[in-house]
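Encoded as structure tokens, the structure appears first; notes follow it.
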Amino acid sequence: MTSLIQGLSRWAIPLLLLGITTLGLSKRVPIYESFVEGAKEGWQTALRILPYLVGMLVAIQVFQHSGALDRLIDLVSPLTNFLGFPREVLPLALMRPISGSGSLALLSQTFATFGPDSLVGRVAATVMGSTETSLYVLTVYAGSVGLKRTRHTLATSLISDVAGVLAALYIVLHYFA
């Protein structure tokens, strides 16, 4: 079964590209011209959201290096200790809505320290899979369409991240502890 899954994953993207190309040719779509037009639109979108991305990346760096993350961990740790949430996963849970690459680095560090099959590793992996980089996504999407009022979107996104963290904790404690 493992070799079948490995074979499928090795050929998935080439077969997908071949299928799209074949479908386009059968419908007489100018494939190369359509690709170039899409690339132009992508470039324009990238230029439009670049200032928002730079602002978000600067804010992330200030948050990480100012010690605010450590202060926030100290603030919420009494509640998370009560829930049984490992303190070692708190930096990941707090960083995940802000930065995908930052949270991936924290996940890698957690795996290196505790191992992926430990309780801490499993909670960290499940948190990573059940939450989203909400602030990053909100910045990109709001910036790309020029959305200015994001108050309710922000609150909803952060509530869904908290729900994802709590669900991850419940799942790991229920199935793996």
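Can Q109 be described as surrounded by 13 or more Cβ atoms within 10 Å (Cβ to Cβ), within 24 Å of L169 (Cβ to Cβ) and at pLDDT 85 or above? Spell out the reasoning first.
Numbers: surrounded by 13 or more Cβ atoms within 10 Å (Cβ to Cβ): yes; within 24 Å of L169 (Cβ to Cβ): yes; at pLDDT 85 or above: yes.
Answer is yes for this residue.
Considering only the range 83-94, state which residues are in contact (Cβ under 8 Å) with a residue 60 or more places away in the chain, surrounded by fewer than 22 Cβ atoms within 10 Å (Cβ to Cβ) and in a helix (DSSP H, G or I).
Residue satisfying the conditions is L83 alone.
State all residues of the range 140-149 that are surrounded by 15 or more Cβ atoms within 10 Å (Cβ to Cβ) and touching a helix residue (DSSP H, G or I) at 6+ places or on another chain (Cβ under 6 Å); if no residue qualifies, say none. Please lay out each step first, then the result.
Here is the first cut: in the range 140-149, the ones surrounded by 15 or more Cβ atoms within 10 Å (Cβ to Cβ) are 140, 142-143.
Residues satisfying the conditions are V140, G143.
Among (1) over 12 Å from the mean Cα position of the chain (by Cα); (2) outside any helix (DSSP H, G or I), there is one condition P97 misses while meeting the rest; what is its number?
(1)
This table checks each residue for (1) within 30 Å of A167 (Cα to Cα); (2) of a type in the set (S, T, N, Q); (3) surrounded by 12 or more Cβ atoms within 10 Å (Cβ to Cβ); (4) touching a residue at least 24 places away in the same chain (Cβ under 8 Å).
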| position | (1), (2), (3), (4) |
| --- | --- |
| G19 | no, no, no, no |
| T22 | no, yes, no, no |
| G38 | no, no, no, no |
| W43 | no, no, no, no |
| V54 | no, no, no, no |
| H65 | yes, no, no, no |
| A68 | yes, no, yes, no |
| R71 | yes, no, no, no |
| T80 | yes, yes, yes, no |
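Only one of I49, I73 is more than 20 Å from Y136 (Cα to Cα), in contact with a helix residue (DSSP H, G or I) (Cβ under 8 Å, 6 or more places away or on another chain) and modelled with pLDDT under 90; which?
None of the others qualify; the one that does is I73.
Take L154 and decide whether it is at pLDDT below 90, crowded, with 17+ Cβ neighbours inside 10 Å and under 16 Å from the mean Cα position of the chain (by Cα). Walk me through how you get there before you give the answer.
Working: at pLDDT below 90: yes; crowded, with 17+ Cβ neighbours inside 10 Å: no; under 16 Å from the mean Cα position of the chain (by Cα): yes.
So L154 fails the test.
Can you name every residue in the range 102-155 that is without any contact (Cβ under 8 Å) to a residue 12 or more places away in the chain, part of a helix (DSSP H, G or I) and among the polar types (S, T, N, Q)?
Listed by number, the residues that qualify are S108, Q109.
Restricting attention to the range 112-134, which residues are exposed (fewer than 15 other Cβ atoms within 10 Å of the Cβ) and closer than 10 Å to A168 by Cβ? Step through it out loud before you land on a result.
Taking the range 112-134 and keeping what is exposed (fewer than 15 other Cβ atoms within 10 Å of the Cβ), we get 112-113, 115-117, 129.
The one that is exposed (fewer than 15 other Cβ atoms within 10 Å of the Cβ) and closer than 10 Å to A168 by Cβ: G129.
The values are calculated or read from the model by the stated rules, or taken from the named source; none is laboratory data. These figures come from a predicted structure and were not determined experimentally. Note: ideal-geometry Cβ built from the backbone for every residue, glycine included; neighbour counts use all protein chains shown.
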